[in-house]
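S.K.: Here it is, the structure in full.
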Amino acid sequence: MALIRGMHRSVLAAAVVSCTAASTMAYADDATEQRIAQLERQVALLLSKLEQHEASVEVSTEFLDVNEARTMHEEMRPMSPNTKFTYGGFISLNALATNYSDGKPASPLIDDLLVPSLIPTGGDSSYSTTNIHAKQSRFLFGTETKTDAGVFSSRVELDFMIGGQGDERISNSYAARIRQAYVDWNYGSGSLLAGQAWSTFHDVSTLPYFVDFVGPAGTVFNRQAMVRWSTGNWQFAAENPRTRLNGVAHDDFNSSYMPDLVARYKTKTGNMNWSVAGILRTLSYDDRNTGMDDSAQGYGISGSGKYTLEGGHDIRMQLSYGDALGRYLGLNMFNDGYVDINGDVETFDQMGGYLAYRHLWSQAWESSIGYSYSAADNPSDVDSSSWAKEYHSFHANLKYKPAPGLWIGGEYIYASKELENGDKGDLDRIQMAVQYSFK
């Protein structure tokens, strides 16, 4: 660029010299004054064009530099032209005021969300607490790539629940945790998912629109690593096994060698979306302290549905039953099975379900109300007096949506727990929340 500038300035200098010579020769002739004025206008025009040309050269050079940098970036990190990126999530603030009828909970986790198994029982005094947190906030990132072999999509989803790294006195720091992380290969007639996702045994689409993080006590609720094949209305999966048994001092002795096998069928009939799922599990343990070990097979079935009414209101329901629902039901409200006096693994029947109604008052206002119940048929051949026998929960809320992505709401929650020996405990909770979703 400096060479170009030099060449143009040389041309300009020659023009100026010529003009000066002409003016000198014609100095004595007044008739040439018009010629001199004309030459001066031509020189001014040349100067203006030269400045414009130099600016054009600078802009062109800048574009050249940018294109060179972009080419180098693409060579270092090639980007597929067939890949689409997405991101989203929400910011959520929750304020929970809770009264426990039978004392302080053993874990503060229940102050963040309803964990039925943590409800205190058999206490002699009540306990109240208020908790305000933003750890439910969430972020997700996804990709979708079209190839000759099919469409590959991926998803990574994070939130900050159950990840304390600070304290509520000062920093309120919470570590990000993986909710979901998977790749899904859709090859036309079916798809294959590998990674961590919602369990195939859990129908997320029928969860009620409650303010609480999980919702009804008797819901199936689980995320874990798996390989899942989907085709048509069917899904089949092999999912991560984990056994927790009553009568074993340490559930670390889980030694399940078979994955949990799950199948689901889902369809729509009229205004009713419904599905049925079944699960087969191998429950096992290996106690290194006593040298005892055993395994047993268990099962579970679950049916769920959402019926849409005129006006957009809906009714949501779920009912689950089996002898090894265990950790899949209500955040592990019952254990998977137990070890009897001979060291053998045994199962016992458990059930849970809910019914919820969602009403749209207007485009901006809506409410949900629901009831949930769960129970276990605890065995009599071992001392099961301290085991959970049944749970109840009730939710009623009101939400206001003043703008797309934003809602403000409040919810009343009542939940109770009863042990086999008759000890009971319950909680009353008012939960307020503000949530803004972004895409």
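Coordinate-derived values only; no laboratory data. Predicted model only: the values in this text are computed from it and were never measured. Neighbour counts run over all protein chains shown; Cβ positions are idealised from the backbone, glycine included.
S.K.: Compute the length gained on full extension between Y436 and Q363: take 0.36 nm times their separation in residues and subtract their Cα-Cα distance, giving the result in nm to one decimal.
M.R.: Values: separation 73, 0.36 × 73 = 26.28 nm, distance 1.68 nm.
Here the answer is 24.6 nm.
S.K.: Further question on the same structure: When the scattering of segment 262-414 is computed by the Debye formula from its Cα atoms alone, each counted once and equally, what is log10 I(q)/I(0) at q = 0.09, 0.15, 0.20 Å⁻¹?
M.R.: Summing over Cα pairs of segment 262-414 leads to -0.43, -0.90, -1.23.
S.K.: In sequence order, what are the phi-derived ³J(HN,Hα) couplings for segment 405-419 according to the Karplus relation 6.51 cos²θ - 1.76 cosθ + 1.60 with θ = phi - 60°, rounded to whole Hz, with x for glycine and proline?
M.R.: x, 10, 9, 10, x, x, 9, 9, 10, 10, 9, 9, 9, 10, 8
S.K.: Let me ask something else. For D383 and I162, what is the calculated FRET efficiency with R₀ set at 22 Å and r taken between the beta-carbons, to the nearest 0.05? Kindly include the intermediate steps, with their values, before the conclusion.
M.R.: Values: r = 31 Å, r/R0 = 1.43.
With R0 = 22 Å, the Cβ-Cβ based efficiency is 0.10.
S.K.: Now for a different question. Please tell me the relative contact order of segment 328-379 in percent, rounded to the nearest whole number, where contacts are Cα pairs under 8 Å and at least six residues apart.
M.R.: Details: 59 pairs, mean separation 16.7, N = 52.
Once normalised by length, the contact order is 32 percent.
S.K.: Describe numerically, in nm with one decimal, the distance between label points set 7 Å from Cα along Cα→Cβ at A175 and at Y412.
M.R.: About 4.0 nm, to one decimal.
S.K.: Tell me whether segment 386-439 comes out rounded, prolate or oblate; compute the Cα gyration tensor, take square roots of the eigenvalues as a ≥ b ≥ c, and use a/c under 1.5 as the rounded threshold.
M.R.: Values: a/c = 4.93, a/b = 3.27, b/c = 1.51.
Prolate.
S.K.: Along each of its three principal axes, how wide is the spread of alpha-carbon positions in segment 244-344, in whole angstrom units, largest first?
M.R.: Cα extents, longest axis first: 62, 21, 19 Å.
S.K.: While we're on this one: Can you spot the lysines whose alpha carbon is less than 23 Å from K424's alpha carbon? Ignore those fewer than 8 places along the same chain.
M.R.: Hits, sequence-local ones excluded: K104, K389.
S.K.: If the reach is capped at under 24 angstrom between alpha carbons, list the lysines near K399, excluding any in the same chain fewer than eight residues apart.
M.R.: Partners found: K135, K306, K439.
S.K.: Roughly how many nanometres apart are two label points built 7 Å out from the Cα toward the Cβ at K424 and F236?
M.R.: Distance between the two pseudo-spin positions: 4.7 nm.
S.K.: Which whole-number percentage describes the relative contact order of segment 173-302, with Cα contacts under 8 Å and a sequence gap of 6 or more? It would help to have the intermediate numbers written out before the result.
M.R.: Working: 248 pairs, mean separation 23.2, N = 130.
That works out to 18 percent.
S.K.: Which net charge results for the neighbourhood of G322, defined as the other residues with beta-carbon distances under 11 angstrom from its beta-carbon, given Lys and Arg at +1 and Asp and Glu at -1?
M.R.: Values: positive: R281; negative: D323, D336, D349.
My count for the surroundings of G322 gives -2.
S.K.: If you don't mind, another one. Among 152-159, 232-239, 263-270, how do they line up by average Cβ neighbours within 10 Å per residue, starting with the highest?
M.R.: Most protected by this proxy first, the peptides run 152-159, 232-239, 263-270.
S.K.: Compute the relative contact order of segment 320-439 as a whole-number percentage, counting only Cα pairs closer than 8 Å that sit 6 or more residues apart in sequence. Walk me through the intermediate numbers first.
M.R.: Working: 258 pairs, mean separation 20.8, N = 120.
Once normalised by length, the contact order is 17 percent.
S.K.: Using 7 Å Cα-to-Cβ label points, what is the D148/W185 separation (nm, one decimal)?
M.R.: Label-label distance for D148 and W185, simple model: 1.6 nm.
S.K.: Would you please classify the overall shape of segment 157-303 from the alpha carbon gyration tensor, given that a ≥ b ≥ c denote the square roots of the eigenvalues, rounded means a/c under 1.5, and beyond that prolate means a/b larger than b/c while oblate covers the rest?
M.R.: Details: a/c = 1.73, a/b = 1.13, b/c = 1.53.
Taking the square roots of the gyration eigenvalues as a ≥ b ≥ c, segment 157-303 is oblate.
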